1. What dipole magnitude, in Debye to the nearest 20, does segment 9-201 give about its Cα centre under +1 on Lys/Arg Cβ and -1 on Asp/Glu Cβ?
2. Are there any trypsin sites (Lys or Arg not before Pro) in segment 32-118 that are in a DSSP loop and have at most 15 other Cβ atoms within 10 Å? List them by number.
3. Take the chain, connect every pair of alpha-carbon atoms lying under 10 Å apart with a spring to form a Gaussian network, then pick out the residue of TYR22, TYR137, TYR157 with the largest mean-square fluctuation.
4. Which one, TRP36, GLY141, PHE21, is farthest towards the positive end of the dipole of the chain when Lys and Arg carry +1 and Asp and Glu -1 on their Cβ?
5. Determine ³J(HN,Hα), in whole Hz, for all residues of segment 9-15 in sequence, where each value follows from phi through the Karplus function 6.51 cos²θ - 1.76 cosθ + 1.60 and θ = phi - 60°; x replaces Gly and Pro.
6. Once you sort the root eigenvalues of the Cα gyration tensor of segment 91-133 as a ≥ b ≥ c, which label holds: rounded (a/c under 1.5), prolate (a/b larger than b/c) or oblate (the other case)?
7. Counting pairs of alpha carbon atoms under 8 Å apart in space and at least six apart in sequence, what relative contact order in percent does the chain give?
8. For segment 143-259, what does the alpha-carbon gyration tensor say about shape, rounded, prolate or oblate, given a ≥ b ≥ c as the root eigenvalues, a/c under 1.5 as rounded, and a/b over b/c as prolate?
Amino acid sequence: MTAEKADAVSVRLSDVPYEVFYLPVTDSTNTRLKAWRRGEAPAGISRGLRNGVCLAAGCQTAGRGRLGRSFLSPGGGLYFSLYLTCASPVEAMGVTAPAAAAVCAALWDLDFEGAMIKWVNDIWYRDRKVCGILCEYTDGGVICGVGINMMPPEGGYPPEAGPAGALGRADLEWKDLLRAVLLRLDAFLKDRGAALDFYRAHQYLRGKNVTVAVGSREIHGKALDVDGEFRLALLTEDGNMLALNCGEVTRVRMADHEG
Ligand code: BTN
């Protein structure tokens, strides 16, 4: 039996109110949950997808990122997707920022001091991106996919992985990391105010000059904060205040040191 054909195994994580399954290798945990939603459960599971199911993997062969990009997912990472029922795509997108806050808070819980959230939903540690999040709406639910680089691949990250880095703690077990994230996520989804407070206190961009791509438009300005809806408050170069609810920050500079 190859790893790809291995059955999903059930994993117990104490106090976690979600049902967790694990596959050593899969194409993409988001893709697997979408297929499961359509009735194609992973090998070893013979029932439909329910609210609160989490599928984790140790490696993805076709990890997907935001904006149609691929997400490099070698062994040594934690890749998981959580399915939550929800009423609309708008509600689904509301899971993204609390999920970023949850990962960041879990990292602090595990002593990764200095972990920060780069709006909207990347987690940076020691000036490298260590986690990306992709939330997708699917018929009646959101699939919240999280990829965390725990250890770097042999030979380091290839250039196409961009500013990727890893947590770099060999003694950290994926189950302990997953448990910490899911506990924080459950708490933050129940208390969005707490998620917002945490998010605002751990912003990577606050006070920095940034370039944000919104569709085909590029906006230059200073990131001031996020507002109560997790929108980026941006003071543009020409003095306008914007509240951006989506976009990709493509460039970051210290406020007083252009470069
Ligand atoms: C990004 O940074 O562009 C988002 C990356 C999201 C990656 C995670 S890994 C688990 C889940 N499965 C996927 O294929 N993508 C998400």
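Read-outs: derived from the displayed coordinates by stated rules, not from any lab. None of the values given here were measured: they were computed from a predicted structure. Heads up, the Cβs are rebuilt from the backbone with ideal geometry, glycines too, and the neighbour counts pull from every protein chain shown.
1. 420 debye
2. ARG38, ARG47, ARG50, ARG69
3. Sorting by GNM fluctuation, first place goes to TYR157.
4. Highest projection toward the positive end goes to TRP36.
5. For segment 9-15, the Karplus curve yields 10, 7, 10, 9, 10, 4, 6 Hz.
6. Because a/c hits 1.5 or more and a/b fails to exceed b/c, segment 91-133 counts as oblate.
7. This gives 15 percent for the chain.
8. It is oblate, given that a/c is not under 1.5 and a/b is not larger than b/c.
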